[in-house]
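See structure below.
The values are calculated or read from the model by the stated rules, or taken from the named source; none is laboratory data. Treat the numbers as computed from the prediction; the structure is a model and nothing was measured. Cβ placement follows ideal geometry from the backbone for every residue including glycine, while neighbour counts extend to all protein chains displayed. Calculation scope for accessible area: heavy atoms of the full protein, side chains included, ligands and nucleic acids excluded. Shrake-Rupley method; radii C 1.70, N 1.55, O 1.52, S 1.80 Å.
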Amino acid sequence: MDMNAYFKKALDELHDAGNYRVFADLERHCGGFPRATRYREDGTTHEVTVWCSNDYLGMGQNPVVTEAMKSVIDKCGAGAGGTRNISGTNHYHVLLERELADLHGKESALIFTSGYVSNWASLGTLGSKIPGCIIYSDALNHASMIEGIRHSRAEKRIWKHNSPEDLDRVLSADDPDRPKIVAFESVYSMDGDIAPIAEICDVAEKHGAMTYLDEVHAVGLYGPRGGGIAEREGIMDRLTVIEGTLGKAFGVMGGYITASSDLIDFVRSFSSGFIFSTAIPPAIAAGATASIQHLKESAQERTRQQERVAKVRAKLDSLGVPHMANPSHIVPVMVGDAAKCKWISDLLLDHYGIYVQPINYPTVPKGTERLRITPTPLHTDADIDHLINALNDLWSQCALSRAVA
């Protein structure tokens with residue numbers, strides 16, 4: 001079999017369907033978020049405004065974070081020097097885990113190299129090591145959770161998205177004595193909808209199930225100290241495990257889980273994804289700690305972001321540019337066609353200096369292709385006007401349907 005021909009055919013099919021992923025070559029401007037320099041393939045450059053970053057609050061360039069990182073590089077050097085088990089546990093890892101446990105009101109925390117790895121390793125370990133465990137997964141859970149559950153080889157059940165009633169139905173069908181884990185997210189990143197966490201906890205508690213909540217798109221952004229939706233709703237104590245990321249609102253990189261000391265020690269002791277991975281650099285840990293500490297005390301970034309989100313939504317409504325209604329900070333502008341979605345994204349980037357990545361299948365179902373816009377506290381009124389005017393122009397050029405007010 002000619003493998004290169006097979007690879008090319010598969011890639012050509014992606015191109016033809018409009019689903020081929022192109023990575024924008026960007027150089028972020030320190031102190032100038034959300035500005036970046038884009039490098040074109042022909043060697044030229046131009047300035048763009050980024051409208052799809054997961055650095056939701058601009059903390060990746062906040063001086064509190066960058067100065068903490070510089071200081072620890074000077075103290076400790078670049079890398080951790082090993083796995084956590086073999087020389088790689090730096091004091092800044094320990095401080096970060098304490099900060100995370102405090103953020104979520106848990107006894108302990110464990111950090112990983114990414115949010116993907118924290119989900120994959122934790123669910124994979126719990127599902128495989130707890131005898132007879134069944135994992136109940138929300139139908140729209142992230143790929144990292146799905147892969148972790150698959151890796152565990154535990155029995156799994158899929159329940160309808162954000163439906164406590166369907167979860168209750170599915171749980172009721174199984175042996176009440178078997179160990180159970182209900183796995184779900186707080187903010188779902190593509191549609192921006194928010195789970196009914198309290199109602200899901202009610203059902204899980206009724207059936208004696210543990211709960212595993214992914215708060216990656218909520219930590220830093222919601223709650224009086226940035227602890228996420230569960231903190232905002234005052235129910236963190238009802239969740240068995242709260243998982244999060246350091247690579248979105250906290251502005252650096254890494255993932256983590258928080259839970260009881262025994263559960264954390266169990267994952268630490270049995271998870272190959274943790275045991276055999278080099279630890280994140282101490283400077284990254286210090287930057288994350290500084291970011292968490294800052295956002296525990298400062299609501300300014302969250303308040304400003306929420307105001308920016310509301311302003312973008314209102315202006316989209318005024319022009320009839322369709323966007324998915326939701327209660328979160330994520331603004332999905334609906335296109336509904338993969339080729340047009342990619343074409344609009346390219347025009348925004350090339351002709352307007354606006355970078356918004358198209359979101360196509362398989363990330364979202366066919367027919368729901370979209371531009372996923374994430375306003376930040378640092379987008380100005382002029383930035384918003386430029387974005388809205390550009391979308392208005394392109395909606396007319398593409399003869400796309402408008403929403404009726």
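Collect the residues in the range 86-98 that are over 15 Å from residue 264 (Cα atoms) and in contact with a helix residue (DSSP H, G or I) (Cβ under 6 Å, 6 or more places away or on another chain), keeping them in residue-number order.
The answer is 90, 92, 95.
Tally time: how many residues in the range 187-231 are over 18 Å from the mean Cα position of the chain (by Cα) and more than 23 Å from residue 134 (Cβ to Cβ)?
Matching residues across the range 187-231 total 2.
Residue-by-condition table, conditions (1) out of contact with any Asp or Glu (no Cβ under 6 Å at 6 or more places or on another chain); (2) surrounded by 20 or more Cβ atoms within 10 Å (Cβ to Cβ):
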| residue | (1), (2) |
| --- | --- |
| 37 | no, no |
| 61 | yes, no |
| 68 | yes, yes |
| 74 | yes, no |
| 86 | yes, no |
| 107 | yes, no |
| 115 | yes, yes |
| 122 | yes, yes |
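Cβ-Cβ under 6 Å, sequence separation 6+ or interchain: first residue in the range 75-86 and under 13 Å from residue 113 (Cα atoms), partner open to solvent by 50 Å² or more (accessible area, probe 1.4 Å). Which pairs?
These pairs meet every condition: 83/278.
I'd like the full set of residues that are of a type outside the set (Ser, Thr, Tyr) and more than 18 Å from residue 393 (Cβ to Cβ), limited to the range 338-369.
Result: 338, 339, 357, 359, 360, 362, 364, 365, 366, 367, 369.
Hey, does the range 378-401 have a residue that's under 29 Å from residue 299 (Cβ atoms), modelled with pLDDT of 95 or more, surrounded by 15 or more Cβ atoms within 10 Å (Cβ to Cβ) and of a type in the set (Ser, Thr, Tyr)?
In the first step, residues of the range 378-401 are kept if they are under 29 Å from residue 299 (Cβ atoms); the result is 378-388.
Within this subset, residues satisfying the condition of being modelled with pLDDT of 95 or more are 378-388.
Narrowing the set further to residues that are surrounded by 15 or more Cβ atoms within 10 Å (Cβ to Cβ) leaves 378-379, 383-384, 386-388.
Filter once more, keeping what is of a type in the set (Ser, Thr, Tyr): none.
Taking every residue of the range 378-401 in turn, none turns out to be under 29 Å from residue 299 (Cβ atoms), modelled with pLDDT of 95 or more, surrounded by 15 or more Cβ atoms within 10 Å (Cβ to Cβ) and of a type in the set (Ser, Thr, Tyr).
Please identify the pairs in which a residue from the range 143-170 that is of a type in the set (Ser, Thr, Tyr) has its Cβ atom under 7 Å from the Cβ atom of a residue that is open to solvent by 20 Å² or more (accessible area, probe 1.4 Å), counting only partners at least 6 apart or on another chain.
144/116; 144/120; 152/128
Is there a residue in the range 67-75 that is among the β-branched types (Val, Ile, Thr) and within 20 Å of the chain's Cα centre (by Cα)?
No, there is no match, as no residue in the range 67-75 is among the β-branched types (Val, Ile, Thr) and within 20 Å of the chain's Cα centre (by Cα).
Quick check: is even one residue across the range 291-304 of a type in the set (A, V, I, L, M, F, W, C) and in contact with a strand residue (DSSP E or B) (Cβ under 9 Å, 6 or more places away or on another chain)?
no
One residue is enough: does the range 315-322 have a residue meeting the conditions at positive phi and out of contact with any strand residue (DSSP E or B) (no Cβ under 8 Å at 6 or more places or on another chain)?
The answer is yes, given that some residue of the range 315-322 is at positive phi and out of contact with any strand residue (DSSP E or B) (no Cβ under 8 Å at 6 or more places or on another chain).
How many of the residues making up the range 350-405 are aliphatic (A, V, I, L, M), assigned to a helix (DSSP H, G or I) and over 18 Å from residue 321 (Cβ atoms)?
1
State whether one or more residues within the range 176-187 are without any contact (Cβ under 8 Å) to a residue 24 or more places away in the chain and either of a type in the set (A, V, I, L, M) or out of contact with any Gly (no Cβ under 6 Å at 6 or more places or on another chain) (or both).
yes
Filter the range 326-349 down to the residues that are in contact with a Lys or Arg (Cβ under 8 Å, 6 or more places away or on another chain) and part of a helix (DSSP H, G or I), then identify the one that is modelled with the highest pLDDT.
If we take residues in the range 326-349 being in contact with a Lys or Arg (Cβ under 8 Å, 6 or more places away or on another chain) and part of a helix (DSSP H, G or I), then 349 is modelled with the highest pLDDT.
How do the helices (runs of 4 or more DSSP H) wholly within the range 129-222 filter down when requiring 1 or more residues that are surrounded by fewer than 16 Cβ atoms within 10 Å (Cβ to Cβ), hydroxyl-bearing (Ser, Thr, Tyr) and touching a Pro at 6+ places or on another chain (Cβ under 6 Å): which remain?
Qualifying helices (runs of 4 or more DSSP H): none found.
Could you go through the range 15-22 and let me know if any residue there is modelled with pLDDT of 95 or more, within 25 Å of the chain's Cα centre (by Cα) and either of a type in the set (Ser, Thr, Tyr) or closer than 30 Å to residue 379 by Cα (or both).
No: the range 15-22 contains no residue that is modelled with pLDDT of 95 or more, within 25 Å of the chain's Cα centre (by Cα) and either of a type in the set (Ser, Thr, Tyr) or closer than 30 Å to residue 379 by Cα (or both).
Quick check on the range 352-361. Is at least one of its residues of a type in the set (A, V, I, L, M, F, W, C), at pLDDT 95 or above, surrounded by 21 or more Cβ atoms within 10 Å (Cβ to Cβ) and within 16 Å of residue 403 (Cβ to Cβ)? It would help to see each step written out before you state the result.
Going residue by residue through the range 352-361, those that are of a type in the set (A, V, I, L, M, F, W, C) are 354, 356, 359.
Pick out the ones that are also at pLDDT 95 or above and you get 354, 356.
Checking the rest, the ones that are also surrounded by 21 or more Cβ atoms within 10 Å (Cβ to Cβ) come to 354, 356.
Pick out the ones that are also within 16 Å of residue 403 (Cβ to Cβ) and you get none.
No, because not a single residue in the range 352-361 is of a type in the set (A, V, I, L, M, F, W, C), at pLDDT 95 or above, surrounded by 21 or more Cβ atoms within 10 Å (Cβ to Cβ) and within 16 Å of residue 403 (Cβ to Cβ).
Does residue 44 satisfy the criteria of being open to solvent by less than 30 Å² (accessible area, probe 1.4 Å) and out of contact with any Cys (no Cβ under 8 Å at 6 or more places or on another chain)?
no
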